[in-house]
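Heads up: the structure comes next, in structure tokens.
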Amino acid sequence: MTNTPLRDGVLRLLEAVRNEEWSFERALSDAEREDLGTEQQPAIKQLVAKASAERRAATRELQKAMAGEVADDCADPPMTDVGTWTAVQRDAHEAMTELFDALQRIDEERLAADAGPGRNHPQYAWRDVLNYGVRGPVLAYAEWHHRAGRTVEALAMLGRWYEAARGSGLPTKVLSDASYDLACGLARAGRLDEAMRYLPDAFTYNDRGAVPVLKAWAREDPDLAPLAARPDFRSLVAAT
């Protein structure tokens, strides 16, 4: 058994999402990879570029944690102009390498800590890295597929995120996140019974203090709106 389970688990999930990004090289046409998109509907290369910016923000937060400074929750970087698909992939490699290096240098105690400002429940440094380096990009890529009418691909990506989370060896909070995300994708696709098979785990595997916050979020989440009239959903999220 490793003595760095947090670091190892985060690294495994970062590798998994990077493989997703490389798969676009094989699965998409040149036109799809080089599409410019819009501010409202970013193209895939814009989403990969945004993931790189978020990973650099996560790297900076780890560096602050190592220096004993208060983090600022990896403030979401703005969308910027991007170059060619090749340039975007090169930059993604560099951003991931920088984040890997920071993870190799930080210790488990700091990864387990809540290095950010005071909140009603802890977020943990390792989870901040995952939210910006893995979960955010996966959700963006799944949304991109969904907008293009590729429901199967969108759900497959969320399913791979769920399975990777299950096998990561990280605390169960990551499985809470992945269960919630998969339930949202299934509900959005109209597969409501399947969504309700996964959604309860989002609360079961979460920190006790975070459950009321997540239930309040679920009651207002537009992705879960198709479930709103179901008694099992209303009971689960304490809807009145």
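The values are calculated or read from the model by the stated rules, or taken from the named source; none is laboratory data. Please read these numbers as outputs of a predicted model, since none were measured by experiment. Neighbour counts run over all protein chains shown; Cβ positions are idealised from the backbone, glycine included.
Summary table below
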| quantity | calculated |
| --- | --- |
| One residue from GLY209, GLY185 being touching a residue at least 40 places away in the same chain (Cβ under 8 Å), of a type in the set (Gly, Ala, Ser) and farther than 25 Å from TYR141 by Cα | GLY209 |
| Unique residue being surrounded by 17 or more Cβ atoms within 10 Å (Cβ to Cβ), β-branched (Val, Ile, Thr) and either without any contact (Cβ under 8 Å) to a residue 60 or more places away in the chain or not in a helix (DSSP H, G or I) (or both) when the list is THR59, THR2 | THR59 |
| Selection count, region 141-155, where residues are farther than 24 Å from ASP128 by Cα, among the aliphatic types (A, V, I, L, M) and either within 12 Å of the chain's Cα centre (by Cα) or assigned to a helix (DSSP H, G or I) (or both) | 1 |
| Residue satisfying condition, being among the acidic types (Asp, Glu) and either under 12 Å from LEU236 (Cβ atoms) or outside any helix (DSSP H, G or I) (or both), within set ASP181, ASP201 | ASP201 |
| Residues of region 10-26 satisfying the condition of being small (Gly, Ala, Ser) and in contact (Cβ under 8 Å) with a residue 60 or more places away in the chain | ALA16 |
| Region 201-221 - residue that is at pLDDT 95 or above and among the charged types (D, E, K, R) and, of those, surrounded by the fewest Cβ atoms within 10 Å (Cβ to Cβ) | GLU220 |
| Hey, ARG26 crowded, with 18+ Cβ neighbours inside 10 Å, more than 18 Å from the chain's Cα centre (by Cα) and within 20 Å of ARG90 (Cα to Cα) or not | no |
| Inter-residue pairs, beta-carbon under 6 Å, first over 14 Å from TRP144 (Cβ atoms) and in region 28-41, second among the acidic types (Asp, Glu) and assigned to a helix (DSSP H, G or I), 6+ apart | none |
| From the options GLY190, GLY169, residue that is touching a residue at least 40 places away in the same chain (Cβ under 8 Å), farther than 22 Å from ALA51 by Cβ and not in a helix (DSSP H, G or I) | GLY169 |
| Residue check for ASP177: among the acidic types (Asp, Glu), crowded, with 21+ Cβ neighbours inside 10 Å and out of contact with any Gly (no Cβ under 9 Å at 6 or more places or on another chain) | yes |
